[in-house]
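Single-structure report; data block below.
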Amino acid sequence: MMMNSQDKITASQAVVVLVNYILATGILTLPRTSVEKVKSPDVWISVFLGGIIAIIAAVIIVKLSQKYPEKTFYQYSQDIVGKWAGWFLSLLIIVYFFTISAFEVRIMAEVTSIFLLEGTPTWAIILPFLWIGLYLISSGINAIARLFEIIFPITFVLFLLIALMSMGIFEIDNLRPVLGLGVMPVLKGVKTATLAFLGPEIMLLLVALMKQSEKTKAVKVVLVGLTIPLIFYVITVVMVIGALSIDGVVTRTWPTLELMRSFEIPGLIFERFESFLLVIWIMQIFATFTITYFAAALGLAQLFKKNIQPFIFGLLPIIYIISMTPKNINDLFKFGDMIGNAALYLFGVFPVILLFISKLKGRKT
Amino acid sequence: MWEKILAYIPEWKVFMQGFIVFFIPYIIFKLFNGIVSKQEMNDDDMVKMTGQTTQKNELDYQKETSPKELYDHYTGDFNLDVELVKKEIGHNWDVHFREFNIGNTDIRAAIIFLDGLSDKELIDKHILTSLMGDFSQKDEQESLYEKGDFLQKIIKNEVLSVSDLTEEYDVKQSVGKILAGSTALIIDGMPNVLMLGTVKGKSRNIEEPVSEALVRGPRLGFTETLSDNTALLRQHGENSDLSIINFQVGKRTKKELVIAYVKEIADPNLVEEVKKRIQTINIDDVAESGYVEQLIEDNYLSPFTQVQNTERPDRVFAALMEGRVAILLDGTPFALIVPVTFSMLLQSPEDYYERWLPSTLIRLLRYLAAAITLFAPSIYISFVSFHQGLIPTKLALSMMGTREGVPFPAIIEALIMEVAIEILREAGLRLPKPIGPTMGIVGGLVIGEAAVQAGIVSPIMVIVVALTAISSFAIPQYNAGISLRMLRFVAMFFAALFGLYGVILFFILLCSHLVKLKSFGIPYVSPTVPYRASDWKDFMVRMPLMMMKRRPKMLHTKDSSRQD
Amino acid sequence: MKRNNMKGRFRLGLLLSLLLLLLTGCWSSKEIEDLGLIVGTSLDLETDSSSREALEEQEARNSNKELITITNQFVTSETTGSGAKEGKKEQKAYKNVSETGEAVLPTLRSMIEKNDKRAFAEHSKVIVIGEDFASTFNLTQTMDFFLREIEMRPSGLLLIAKNRASNILESIEPTTIPAFQLVEMMKGHKRTTKILPPMTLAKLQGKLNSRASFLLQSVTSENGEMKFAGAAVIEGKTKKLRGFLTGKELEGITWITGKGKGGLVTSFYEGTDQPIIYEILSMKSKIIPHVDGDNISFNVKIESEGRIAEHWVLSEKTFDNKFLKKAERATEKEVERLVKNVLEKIQKEYQTDVSGFGTRLKIEYPKVWKKLKKDWDQTFSEVPIQCEVKITIKDYGTSGE
């Protein structure tokens, strides 16, 4: 169970894992958070730039991981910077992973309790969600990847469908002028937009979990795996701003859901389409939750060189308690920002340093 | 600073819930492990116990038989030999002993056969006639009659016109064969018996299978006779690679079981795995291939069938050509096919006989039917009891109108109707054929109409239930339909608790289970995932035959091409 | 062995009882037949002083605040279902409940005391605001609840009623539901230039948040029959009702924005004064801002293609191109008149930009716009606007007379 040699995934599975990990909270909140910063309709350019920055970071991470193709980050970080420093760094990343999974769970619970289950206590929403996640990850990365492969096409089709339907209330004037106030506002939004692309860090582990013959494709994996969410996000932002206008977006808590609620197409069986968005969104959150949960559990197992099973169980209450810590929705958003900032340092800065050190070391030997 | 942090520490309640979050799945995990390991232990116990008992039996046996230890084998003494056989099976009413003199000499002989199972006509016309006939032309060698060996040679080579003939020395074994329908010939002075293959088992004609009717396709179905079934497979076409290998299963009642595969196609690992699992079958009697299915499947806790059963030789043969392995058991017309994937449960052989476009559409229809079977009632419940805002206004108005006066919440309403329809289905199955359909219609109409009239359920609910029931019968595999109908109730409970969120959770849970499930090493959800574009040609759509040039990749076949 | 079995059974029992635990509680469920669907809401300023006194008594405090009256149009299982059944008297398909209070939600909540059904607003289609109400209150404040509440769908429409809004939600036909009728009527904006494209709550949000002025469809009730009548002008700064535009003026606005999808223009033939009716097939307009230092001016270019749908001119035939040209001229003139007319009104009388000039300026000259944004309505009232109209008649139906 430690590291089952059979339990490897293909390159296409790695792409799907990456896409499913990245698509999460951002779909619902990105239009607002980025418009808050940019304050002009050029948000989609910020999102585009953010995606490109994320791709660069991801490529660095992959290059680092490819130096140690058989090992996950938890194992090779000790080779690079020594036992204790590596241990500490791994622990930081583990904490990051389970914190983000707790965050996703809580966001899911909030949105669900607002839009679907008014009155159901938060714990009742979270509990079954956590348990199903537990059930899934107890059988390793292969099962996770396969589940993601089922979720992904459903997300893809439904998303395009509802995006197309919202064309009816789209007004191109809301997106103009392009770069009317210059480039500065666009740059202001880049950081926020980049944070929506949290996810390439999973490549620190994923490269080790990929099949031997497909490891060389890892760079391709991140390119494809980040381009798909990039397209998703750009479509979302364009559609939301086009329909609700800049002024309308900033005041909405969940602008994308608002967009889906703003139109009705009678005659099509459903007439109202936010349920579709919620369905795919909950699935995407589940994907993000499980993969981060798994990454944290795997990390602990590898740090302590033990079986993964007890860590999976042990992390569950921790995730739950962390997820219940934010007092209200503003706290929750702040919590999200905190995680994002931590990620910038953990995965924007450290991999570069580590890559540098390992290059130096490689030269010496 | 500290105060700020302290303010964020959650209440004790949250910690309590955190504990519950951990504890309940942990307990369930432990319990399941407990049950599983207990069962394994029980199995071990049984092995031990059976070991003990066999030892004991052997001891008893030795005690009993120790004086006559010599007589495990035939002696050559006619009376003693007949006595030996009589002692074993003579008390049975259907065992017949017929003593006579061979060929006008005074050499005593006897045939022993089982009434009903052996071919009396053969015995009368070919065996007895030729044995009792005159051997006089061999008179010149009369002295040699005394020598058993020579006599036997003459009888074997010149007298008996029976094709299947073996010699048997062991009493037990010969008795076993007699009980299977062979005829034993005991001749005075010979240290063995001749076993004559006179088996004429009871079998029925080959008919079209009732459980898998097709509009187009061969009207052939397996029967209860294994040799007929293997013959049907051989008859399908000349194929020297078709291997049919036999096993014996059942500890007390031995039964023949064969596995069939195409040597040049099937993955040898798969064949080995099947053989291994069949050898582990440890049960006193294998009554039907369902026993085999349950004893060799991967996960007995799963609601899904992991072995496909079929009565159709063409289906078996198509599976063999894809690189799968078939298991046929004597005494049942149901053959098993392994490994099986979820998509196979929604396929019918007809898909390949009809042209590809209609087949594709029908196949898509079946996927839709499966989805309706699984989710229709739960989605109805979640819309009626939870998310009235997510349905069109006009629909909401009409639902409101029809549900006015219904005293139950939607979940109870749905349960009443769903359970009623399941009972109707079950009852219709048990009733004599002429009444069955009538009862079904009467029951359905009366209960549906009256329930609506009485205001117990709403008309829309009746529509949903009827749609669900009909959809579940559109699934070609009967037992797959049952699995889905069973899971439908689970989905309904999820919906009653959490509405649409519950349905999504159920879907994720179901998928989580499916992706974990394997059938003989093949992921159950193949070819859905992992993505293999070439396998998708025969998944939801059925591409034209000329495009399906390769066998399914997931089966790791030796020869992947269907063409030369 | 036996003890082991006991233990196993105990374990199995525990497992099953854990499963039973799952079956407890359905926190959020509410059955559909127990709901009273709110399909329309009207907001009015309460002028009747007696209700004020009654309320003050009830609340045991005295205030001089303006009171509002909210009327909700409910559709319940009783009004939909049993109406059709035999043996019962035909009853109204809807049920209006009114309540007076100081803020929106408390007033709505006190309806609970009057209604046996759980109010459910997910199917709310329209909000009708009374004239007095709109000119007294800031819309940002009063609409706050409707934009905040999860149950209110952003696809709901917003209308302004001339005189009392609650009258709009009454209908003389008992079987029709006025709220639904309004929604259906709103779809007519594709066939006439006298109805605005629908203003949903989703779009309203953006308008309220910016400082721009905008139009809302207005509706009146005549003898129990509702009718769309022009538009209401909401001023950007105060978010209060500034005044109304008539149907004719609204046509002018539609020509300026170019958002119409169909409609008619009636012009009179030169000389004979006989009517020529031009049917719009397509409409395009372009507002071109010119910035020259501090001077801003606009050019409106309107292009339209259409057909002659009816003409009473006996002396001419549509087979004749000359006549078509003349008809085009006449229509152009008429359109120009419409546009000039409405521009006069919004620039001079109301001093509000409701026809998208500001948006165009923002798109073409974002830097200039940034400076002028604050007092745009003021600036707009003094901006010179030129207008060019080009009408093309493509065909004239099946008759060439």
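The values are calculated or read from the model by the stated rules, or taken from the named source; none is laboratory data. Not measured: the values here are computed from a predicted model. Note that we place each Cβ from the backbone using ideal geometry, even for glycine, and neighbour counts take in every protein chain shown.
What to note about this one:
- Of the set (1) modelled with pLDDT of 85 or more; (2) away from chain A (no Cβ under 14 Å), all apply to C:T359 but (2).
- Inside region C:144-180, residues that are more than 15 Å from A:L259 (Cα to Cα), touching a strand residue (DSSP E or B) at 6+ places or on another chain (Cβ under 9 Å) and among the polar types (S, T, N, Q) make up a count of 4.
- When residues of region A:110-125 are limited to those that are at the interface with chain C (Cβ under 9 Å from one of its Cβ atoms) and touching a Phe, Trp or Tyr at 6+ places or on another chain (Cβ under 7 Å), the one nearest to A:L278 (Cα to Cα): A:L116
- Meets criteria (under 25 Å from B:V529 (Cβ atoms) and assigned to a loop (DSSP other than H, G, I, E, B)) for A:F197: yes
- Pair list, Cβ < 7 Å and 6+ apart or interchain, from region B:17-38 residues that are farther than 13 Å from A:L127 by Cβ to residues that are among the aromatic types (F, W, Y) and modelled with pLDDT of 85 or more: B:Y26/A:F313
- Positions within region B:246-275 being surrounded by 14 or more Cβ atoms within 10 Å (Cβ to Cβ) and of a type in the set (V, I, T), in sequence order: B:V249, B:V258, B:I259, B:V262, B:I265, B:V271, B:V274
- When C:M186, C:M226 are screened for being in contact with a Pro (Cβ under 7 Å, 6 or more places away or on another chain) and more than 14 Å from every other protein chain (Cβ to nearest Cβ), only C:M226 passes.
- Tally, over region C:289-337, of residues that are touching a residue at least 60 places away in the same chain (Cβ under 8 Å), touching a Lys or Arg at 6+ places or on another chain (Cβ under 9 Å), within 17 Å of C:I391 (Cβ to Cβ) and crowded, with 19+ Cβ neighbours inside 10 Å: 5
- In summary, strands (runs of 3 or more DSSP E) completely within region C:1-111 and bearing 1 or more residues that are facing chain B (nearest Cβ under 8 Å), modelled with pLDDT of 75 or more and within 26 Å of the chain's Cα centre (by Cα) occur at C:35-45, C:68-76.
- Candidate set: region C:234-270, residues that are under 22 Å from C:G130 (Cα atoms) and of a type in the set (V, I, T); chosen: the one surrounded by the fewest Cβ atoms within 10 Å (Cβ to Cβ): C:T238
- B:G217, sole failed condition from (1) farther than 21 Å from B:E354 by Cβ; (2) crowded, with 18+ Cβ neighbours inside 10 Å; (3) in contact with a Pro (Cβ under 8 Å, 6 or more places away or on another chain): (1)
- If the condition is being surrounded by fewer than 17 Cβ atoms within 10 Å (Cβ to Cβ) and in contact with a helix residue (DSSP H, G or I) (Cβ under 7 Å, 6 or more places away or on another chain), then region B:426-439 contributes B:A427, B:L431, B:G436, B:M439.
- In region C:187-216, residue nearest to C:V39 (Cα to Cα) [restricted to those that are in contact with a strand residue (DSSP E or B) (Cβ under 6 Å, 6 or more places away or on another chain) and part of a helix (DSSP H, G or I)]: C:L204
- Any hit, region B:87-103, residues being in a helix (DSSP H, G or I), loosely packed, with under 14 Cβ neighbours inside 10 Å and not hydrophobic (A, V, I, L, M, F, W, C): yes
- Cross-chain or 6+ apart pairs with Cβ under 9 Å, region A:135-153 first and within 7 Å of chain B (Cβ to nearest Cβ), then among the hydroxyl-bearing types (S, T, Y) and surrounded by fewer than 24 Cβ atoms within 10 Å (Cβ to Cβ): A:R146/B:T528; A:E149/A:S12; A:E149/B:T528; A:E149/B:Y531; A:I150/B:T528
- Contacts under 6 angstrom Cβ, first residue in region A:243-262 being at the interface with chain C (Cβ under 7 Å from one of its Cβ atoms) and without any contact (Cβ under 8 Å) to a residue 60 or more places away in the chain, partner of a type outside the set (S, T, N, Q) and not in a helix (DSSP H, G or I), 6 or more apart: A:E258/A:R252; A:E258/C:P154; A:R261/C:R153; A:R261/C:P154
- The residue list A:L230, A:L204 contains one member that is at pLDDT 90 or above, away from every other protein chain (no Cβ under 14 Å) and within 20 Å of the chain's Cα centre (by Cα), which is A:L230.
- Region B:229-244, subset aliphatic (A, V, I, L, M) and surrounded by 15 or more Cβ atoms within 10 Å (Cβ to Cβ), residue farthest from B:D285 (Cα to Cα): B:L242
- Selection within region B:475-510 - among the β-branched types (V, I, T) and within 13 Å of another protein chain (Cβ to nearest Cβ): B:V490, B:V503, B:I504, B:I508
- When restricted to residues that are surrounded by 13 or more Cβ atoms within 10 Å (Cβ to Cβ) and assigned to a loop (DSSP other than H, G, I, E, B), region C:373-396 contains 3.
- Test result for A:S213, touching a residue at least 12 places away in the same chain (Cβ under 8 Å), out of contact with any Leu (no Cβ under 6 Å at 6 or more places or on another chain) and of a type in the set (G, A, S): no
- Taking the numbered list (1) touching a Ser or Thr at 6+ places or on another chain (Cβ under 8 Å); (2) touching a residue at least 40 places away in the same chain (Cβ under 8 Å) in turn, C:K227 passes all entries but (2).
Per-residue answers, yes or no, for (1) within 14 Å of chain C (Cβ to nearest Cβ); (2) polar (S, T, N, Q); (3) farther than 26 Å from B:V503 by Cα; (4) under 28 Å from the mean Cα position of the chain (by Cα):
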residue	(1), (2), (3), (4)
B:E354	no, no, yes, yes
B:P358	no, no, yes, no
B:L361	no, no, yes, no
B:L368	no, no, no, yes
B:I372	no, no, no, yes
B:S385	yes, yes, no, no
B:I412	yes, no, no, no
B:L415	yes, no, no, no
B:I435	no, no, yes, no
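- Single residue of B:L320, B:L357, B:L295 found to be in contact (Cβ under 8 Å) with a residue 60 or more places away in the chain and part of a helix (DSSP H, G or I): B:L320
- Considering residues of region B:511-543 that are among the aliphatic types (A, V, I, L, M) and free of Cβ contacts under 8 Å to residues at least 40 places away in the same chain only, the residue farthest from the other protein chains (Cβ to nearest Cβ): B:A533
- Any hit, region A:82-90, residues being within 13 Å of chain B (Cβ to nearest Cβ) and aromatic (F, W, Y): no
- Residue in region B:452-463 that is under 30 Å from B:V210 (Cα atoms) and in contact (Cβ under 8 Å) with a residue 40 or more places away in the chain present: yes
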